[in-house]
Amino acid sequence: MFGGGAAPILVLSQNTKRDSGRKVQLENIAAGKAIADVIRTCLGPQAMLKMLMDPSGGIVMTNDGNAILREITVQHPAGKSMIEIARTQDEEVGDGTTSVIVLAGEMLGVAEQFLTQQMHPTVIIRAYRQALEDAVTLLQDNISIALDLNDRVKLLEVIKSCVGTKFIGRWSDLACSIALDAVKTVMLEENGHREIDIKRYAKVEKVPGGSIEESSVLRGVMVSKDVTHPKMRRYIKNPRIVLLDCTLEYKKGESQTNVEILKESDFTRILQLEEEHIQKICEEVIAVKPDVVFTEKGVSDLAQHFLLKAGITAIRRVRKTDNNRIARACGATIVNRTEELKEEDVGTGAGLFEIRKLGDEYFCFITECKNPKACTILLRGASKDMLNEAERNLQDALHVARNILIEPKLVPGGGAVEMAVAQMLAEKGKTVQGIGQWPYRAVAEALEIIPRTLIQNCGANTVRTLTALRAKHATGGKTWGINGETGELADMCALGIWEPLSVKLQTYKTAVETAILLLRIDDIVSGSKKKDKEGETRTAQPTEESVKE
Amino acid sequence: MAACSIANIVKSSLGPVGLDKMLVDDIGDVTVTNDGATILRLLEVEHPAARVLVELAQLQDEEVGDGTTSVVIVAAELLKNADELVKQKIHPTSIISGYRLACKEACKYIQEHLTVSVEELGRECLVNVAKTSMSSKLIGPDADFFSNMVVDAAHAVKFSDGKGGFTYPVKAVNVLKAHGRSARESVLVAGYALNCTVASQAMPKRISNAKIACLDFSLQKAKMKLGVKVLITDPEKLEGIRQRESDMTKERIQKILAAGANVILCTGGIDDLCLKYFVEAGAMAVRRCKKADAKRIAIATGAAFLPSLSNMEGEDSFDANSIGEAAEVVQEVVCDDELILIKGPKARTASSIILRGPNDFYCDEMERSIHDALCVVKRVLESKSVVAGGGSVEAALSVYLENFATSLSSREQLAIAEFARSLLVIPKTLAVNAAQDATDLVAKLRAYHNSSQTKVDHAHFKWVGLDLHEGIVRDNRKAGVLEPAVSKIKSLKFATEAAITILRIDDMIRLDPEQKDKSYRDAYESGEL
């Protein structure tokens, strides 16, 4: 097909470029597979961590597919597009980054044999598309199980199967309840539309020291700030909170203002004005009788003095995002101009304001909120690297929790669902017309890579176990999969390994579509090649002109 | 030769079974595409004659939007055949006049005999046209889905030009990309999608019966421009100035809100201190939205796009008339991002397509394909005539022109015959890309067209074209492989013109950039002295 010489008359002169058509495709496949091989061992409960060192000497320890691939610099363009999909998966559903890469690599791998058999890529692509569609409908209609959202035990089970493969798997009970509580806290129901914004309202704060068991979800918010003046109160019950995003300092006007002083008394008057201004602001704040004032900007010494006299605790230079979270947690409105402070703007939802010392630093806790719509997850752990990995894992867990709450449908995990889909696709493949049948069935074969890798990673006998699993599925054991700990067959229903449907769907779609994208390419023109070609045309050019004369 | 090598590059991307190119630039950014114009643009061609072809593809892209690959291939083939003639000692000018004549005849023949009017075929025809354009692209397998989407989008932006005709501004269809999900989950939004978020999280995420104000200035603390200084002698007044600064914006906002606006789109910034007023009024304020977006929204919702609030008297005012209306404005989470959707604008319909795909390359390529398809649909809607695709027109023209050539007794005869032969490159390339027997298929195709033109009762054979999946010839009009007639005619014309331009050249002088080292030496010497 591609320069294979199948076409008897090629009117145009054939140059070497077209000959590289199939080579490019095989290269792309190889690149895809190479990427998949890098992170293959990170799949499943027996997964190993990777330690990555960047040029500056920083260390990342993780088994999160996306985090690993992000750190690797890849030269090959096809490899780059593989890495992109891990990111997409991470952004869209937050979990399953490793499996999407492994699956996409395998999808490319199974296409290789067809290319060498001179099958046209578009035929393969068509079959892949068809298979994807069938797989998606199968997942949605036949395999998935609806879940009752009030069933906390079941919910925890699902999150557990996600967390189980990770570093924090040892503290999975704790991690699961943290994730579930956090997500339930930030969930907002708005006319039938569920909104869960983890990025904004569930903040993970890492504090080195202590042990992981001490991690918790706060019913409120924590910021790593101390009071501005040491004499201010550090423990207030039922505080009235005022949030400001302006300074409590004297601020010049935006326009350039020059003051010409003619008299000496004018000079003191100006200084006095500045002080009066601060005093005025403070009085306005004091007028609403708050106990705590948070501001995003600075607080001058003078203002501190006034506030202290009124028995108000002030916290300065709070981040905008933190301020927003506090606003959601205690029901306050962020105010910009102090003269506009009103009674409604004061937040009274919080039950306790407290400054606590963790390790070497002071942290400000606003907890025991009545109806918090934002929360902070406090992570403790021995080292920073460990905390980073724990945070990544927790993010995955949070996303899983969110996905289930948004779309409460489950599929069995542990490779069971892949096996079931593969089985059904293989069955369906027999009815597909034409040569598309083989690539169609290849998709089914490729899906088996997930259970196969799981088996491999726990060191069991791949061939035997996989055959046994296939037999199990053929006799109707739809929910049987691999027990990732032991490498034996197990009923996923009994073992309680579940995964959210949305993650699985996204994995399949992304993997197959990427394979399609890469298979369609028959030519790579890169920066270096560009120059070669131009050299070619330049040498060819004088002959052309001379011919015309 | 240069032209041929260019054509060779894009050749394999032609047709429904054409493949894609992956282009990597110096930085390492990857583009995966099937669009001829895009490929050539990214190639940075240096050779002047080849440049002409690249520009040709660009021109086709601007004029028609589709058929960029085929125009390059035809032009290159024309050149190659002309070269043969030159070797036979025929002067380029007679070739040129032959090509001109052939092109004119060909266009005439297309218009008279090969077009089908859209009215005959209805909506289905539009969908088919879009499908044909997409079939060669990445989204080919999903063509059914996308073609309907594109046709709907094109209909949504239909706009009467006041003279009974309609225009379909393709630019009014806003295409947004977001990775995640699958291509199938791309959606068409009846309204306008804006890639912005509300300025403050405390603002409502959904407003029905929205009243929209589009502002083209910043709602920031007033500030004197260009270093104007304010001189104060009385220190008491210092405070007054500061006060005034904050109040000015506040008053402006109050005016806007008082006019009833509850969605404010601002191309400039909005100060944090102003957000509170919007929050209190329950309004959505969007900062830093793109000017082009804001303008289009203004048109769609019937709002006035205000560059400032001052009226003729120099006073600040906000007229209730300049508020646009929409049924609903919602902020939705797509992937990790947030989009603002303006649904059901009152004044004119608008449409946006949100594309989803596994990664950026995929989305980019989808965007290009959608754009091509939109352009094609637009052409068909405007010109109301289509031709059969799949090499059918080319084959018909080739047969016709050959017959026409034999009727001439002048020197041009040879040139016209070559022109006819060149056109066959399209069905040939199509067949080669599909790994079919090109000779056999093209011969069959020509036979059909020959009989359709000679025998009256075989006239329906003129729709016959290639079916590349099965490798047979069939009636492409029935099969729904259609292309806009404008696209075909224009691409023929452009290709001929480009070929002629290059043919006329008999000498090339390359101006090397002036040697710099002399002036450098001067400077060096003077510096030393």
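Each reported figure results from applying straightforward, stated rules to the coordinates on display, with no laboratory input. Just so we're clear, the structure is a prediction, and the values are computed from it rather than from any experiment. As a convention, Cβ positions derive from the backbone with ideal geometry for all residues, glycine included, and neighbour counts pool all protein chains shown.
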inquiry  = Within 10 Å of each Cβ in A:508-521, how many Cβ atoms from other chains are there, averaged over the peptide?
reply    = 6
remark   = Taking the dipole of the protein assembly as shown about the Cα centre (Lys, Arg +1; Asp, Glu -1; charges at Cβ), the one of B:Pro16, A:Leu489, A:Ile124 that reaches farthest to the positive side is A:Leu489
request  = Would you mind ranking A:Thr97, B:Thr93, A:Thr465 by Cβ crowding within 10 Å, fewest neighbours first?
outcome  = B:Thr93, A:Thr465, A:Thr97
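Please list, by residue number, every one of the trypsin sites (Lys or Arg not before Pro) in segment B:423-492 that is coil in DSSP and has at most 13 other beta-carbon atoms within 10 Å. The partial results should precede the final answer.
Working: sites: B:Lys428, B:Lys444, B:Arg446, B:Lys455, B:Lys462, B:Arg474, B:Arg477, B:Lys478, B:Lys488, B:Lys490; in loops: B:Lys455.
Of the trypsin sites (Lys or Arg not before Pro), the ones in loops of segment B:423-492 whose Cβ has at most 13 other Cβ atoms within 10 Å are B:Lys455.
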message = Taking a virtual spin label 7 Å from the Cα of B:Asp440 along the C-beta vector, which residues in segment B:461-490 bring their backbone nitrogen under 13 Å of it?
response = B:470-473
request  = Using only the Cα atoms of segment A:171-226, construct the convex hull and provide its projected area averaged over every direction, in square nanometres to one decimal.
outcome  = 5.0 nm²
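Averaged over peptide A:119-130, how many Cβ atoms belonging to another chain are found within 10 Å of each residue's Cβ?
Details: counts 1, 7, 3, 14, 4, 0, 5, 4, 1, 1, 6, 1.
Mean shielding count: 4.
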task = Taking 7 Å along the Cα-to-C-beta vector as the label spot, tell me the A:Ala287-B:Asn148 distance in nanometres, rounded to one decimal.
result = 6.2 nm
message = How large is the Kirkwood hydrodynamic radius of the protein assembly as shown, counting all unique pairs of alpha carbons, in Å?
response = 33.4 Å
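Just for the protein assembly as shown, what percent of DSSP beta bridges are antiparallel, to the closest 5? Could you put the intermediate results ahead of the total?
Details: 73 of 115 bridges.
Within the protein assembly as shown, antiparallel bridges account for around 65 percent of the total.
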query = Which distance in nm do the two modelled labels at B:Gln254 and B:Asp506 give, with both placed 7 Å along the Cα-to-Cβ direction?
reply = 8.2 nm
key: Computed log₁₀ I(q)/I(0) - Debye formula, equal Cα scatterers, no solvent, chain A, q 0.10, 0.11 Å⁻¹   = -0.90, -0.99
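Within 15 Å, Cβ to Cβ, of B:Lys104, how many net charges do the neighbouring residues add up to if Lys/Arg are +1 and Asp/Glu are -1? All intermediate terms of the calculation are to be shown ahead of the outcome.
Numbers: positive: B:Arg100, B:Lys108, B:Lys488, B:Lys490, B:Lys493; negative: B:Glu105, B:Glu112, B:Glu412, B:Glu497.
Residues close to B:Lys104 contribute a combined charge of +1.
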note = In degrees rounded to 10, the 0-90 angle between helix A:121-137 Cα long axis and the longest Cα principal axis of chain A is 60 degrees
query = Taking amide hydrogens as modeled 1.01 Å from N in the peptide plane, which residues meet the under 5 Å criterion relative to B:Lys177, leaving out close sequence neighbours?
reply = B:Leu355
ask   = Of A:Lys280/B:Lys237; B:Lys11/B:Lys80; A:Lys289/A:Lys342; B:Lys158/B:Lys211; A:Lys280/A:Lys342; A:Lys297/B:Lys255, which pairs sit farther than 19 Å apart, going by alpha carbon to alpha carbon?
value = B:Lys158/B:Lys211; A:Lys297/B:Lys255
ask   = Taking one equal scatterer on every alpha-carbon of segment B:191-350, how large is log10 of I(q)/I(0) by Debye at q = 0.11, 0.14, 0.15 1/Å?
value = -0.45, -0.69, -0.77
request  = Could you name the aspartates and glutamates whose alpha carbon sits less than 20 Å from that of A:Lys237, not counting residues in the same chain fewer than 8 places away?
outcome  = A:Asp226, A:Asp291, A:Glu343, A:Glu344, A:Asp345, A:Glu354, A:Glu368
query = What residue among B:Ile416, B:Ile95, A:Leu425 has its Cα farthest toward the positive end of the dipole of the protein assembly as shown, where the charges are +1 on Lys, Arg and -1 on Asp, Glu, each on the Cβ?
reply = A:Leu425
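By the gyration tensor of its Cα atoms, with a ≥ b ≥ c the square roots of the eigenvalues, what is the shape of segment A:336-389: rounded for a/c under 1.5, prolate for a/b over b/c, or oblate? Before the final figure, lay out the partial values.
Values: a/c = 2.61, a/b = 2.30, b/c = 1.13.
Taking the square roots of the gyration eigenvalues as a ≥ b ≥ c, segment A:336-389 is prolate.
What FRET efficiency comes out for A:Lys297 versus A:Glu189 if R0 is 25 angstrom and r is the Cβ-Cβ distance? Round to the nearest 0.05. Numbers along the way, then the final one.
Numbers: r = 35 Å, r/R0 = 1.39.
The calculated FRET efficiency here is 0.10.
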query = Between B:Ala304 and B:Val228, what is the FRET efficiency for a Förster distance of 22 Å, r being their Cβ-Cβ separation, to the nearest 0.05?
reply = 0.15
task = Provide the percentage of antiparallel DSSP beta bridges, counting only those with both residues in chain A; round to the nearest 5.
result = 65 percent
request  = In Å and from the alpha-carbon atoms only, list the Rg and Dmax of chain B.
outcome  = 29.4, 102
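Give me the extension gain from A:Leu352 to A:Ile261: residue separation times 0.36 nm, minus the current Cα-Cα distance, reported in nm with one decimal.
Numbers: separation 91, 0.36 × 91 = 32.76 nm, distance 5.01 nm.
Result: 27.7 nm gained on full extension.
Summing +1 for each Lys or Arg and -1 for each Asp or Glu, what net charge is found among the other residues whose Cβ lies under 11 Å from the Cβ of A:Leu244?
On the way: positive: A:Lys297, A:Arg316, A:Arg337, B:Lys276; negative: A:Asp245, A:Glu284, A:Glu296, A:Glu340, A:Asp345, B:Asp272.
Result for the neighbourhood of A:Leu244: -2.
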Sparse-neighbourhood loop sites, GluC sites (Glu not before Pro) in segment A:112-187 - DSSP loop, at most 11 other Cβ within 10 angstrom = none
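Tell me, what is the FRET efficiency for A:Ile435 and A:Glu91 to the nearest 0.05, using R0 = 35 angstrom and their Cβ-Cβ distance as r? Could the numbers behind the result be given before it?
On the way: r = 37 Å, r/R0 = 1.05.
With a Förster radius of 35 Å, E is 0.45.
Taking Rh as the Kirkwood radius computed over C-alpha pairs, what is the Stokes-Einstein D of segment A:266-376 at 25 °C in a medium of viscosity 0.890 mPa s, expressed in µm² per second?
Working: Rh = 15.2 Å.
Translational diffusion coefficient: 161 µm²/s.
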query = What 222 nm value per residue comes from the helices of chain B, counting each DSSP H run with n ≥ 4 as -39,500 (n - 2.57) and dividing by all residues, nearest 500 deg cm²/dmol?
reply = -15500 deg cm²/dmol
ask   = Using 7 Å Cα-to-Cβ label points, what is the B:His460/A:Asn150 separation (nm, one decimal)?
value = 6.6 nm
note = Averaged over the residues of B:355-368, the number of partner chain Cβ atoms within 10 Å of each residue's own Cβ comes to 5
